[in-house]
Amino acid sequence: MIRNVVLIELKPDADLAAVAEIQEGLRRMDCPGTVSYTLGDDLGLRDGNWSFGIVADFEDERAYRGYDQDAEHNRLRGLLATQSERVARVQFQLPAS
């Protein structure tokens, strides 16, 4: 299983209504091989945190690559890029249970 973790730091002048629409679009995605998909805004429990994060698990590398290349995902990612100061990503293999 592949885990994809994304952290987004929004620009200070980001349009929060537009970001909320993008987030909802991401939540609605249903790419084949997606095992779980969680998106949440930072709770502000520590200074210096990023604005929100996404944790998504995929059956395998092929499922992750399908998600990464999905047209709707890339459309939403492009919209989010205009609102983002920084984006950090990592993908890693989860150990077999």
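The figures follow:
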| quantity | calculated |
| --- | --- |
| Qualifying residue in region 35-47 (condition: touching a Phe, Trp or Tyr at 6+ places or on another chain (Cβ under 9 Å) and more than 19 Å from residue 7 (Cβ to Cβ)) | yes |
| Residues satisfying the stated conditions in region 28-61, i.e. in a loop (DSSP other than H, G, I, E, B), open to solvent by 30 Å² or more (accessible area, probe 1.4 Å) and farther than 15 Å from residue 9 by Cα | 29, 30, 32, 45, 59, 60 |
| Those residues of region 62-80 which are within 14 Å of the chain's Cα centre (by Cα) and either open to solvent by less than 80 Å² (accessible area, probe 1.4 Å) or of a type in the set (Gly, Ala, Ser) (or both), in sequence order | 64, 67, 68, 70, 72, 73, 74, 76, 77, 78, 79, 80 |
| Candidates 24, 61 - the one that is touching a residue at least 40 places away in the same chain (Cβ under 8 Å) and either closer than 20 Å to residue 3 by Cα or not hydrophobic (A, V, I, L, M, F, W, C) (or both) | 61 |
| Region 75-91, subset touching a residue at least 40 places away in the same chain (Cβ under 8 Å) and part of a helix (DSSP H, G or I), residue nearest to residue 25 (Cα to Cα) | 76 |
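The values are calculated or read from the model by the stated rules, or taken from the named source; none is laboratory data. Predicted, not measured: the structure shown is a model, and the values here were computed from it. Glycine also receives a Cβ, built like all others from the backbone with ideal geometry; neighbour counts cover every protein chain displayed. What goes into the accessible areas is simple: the full protein's heavy atoms, side chains included, and nothing from ligands, DNA or RNA. Shrake-Rupley method; radii C 1.70, N 1.55, O 1.52, S 1.80 Å.
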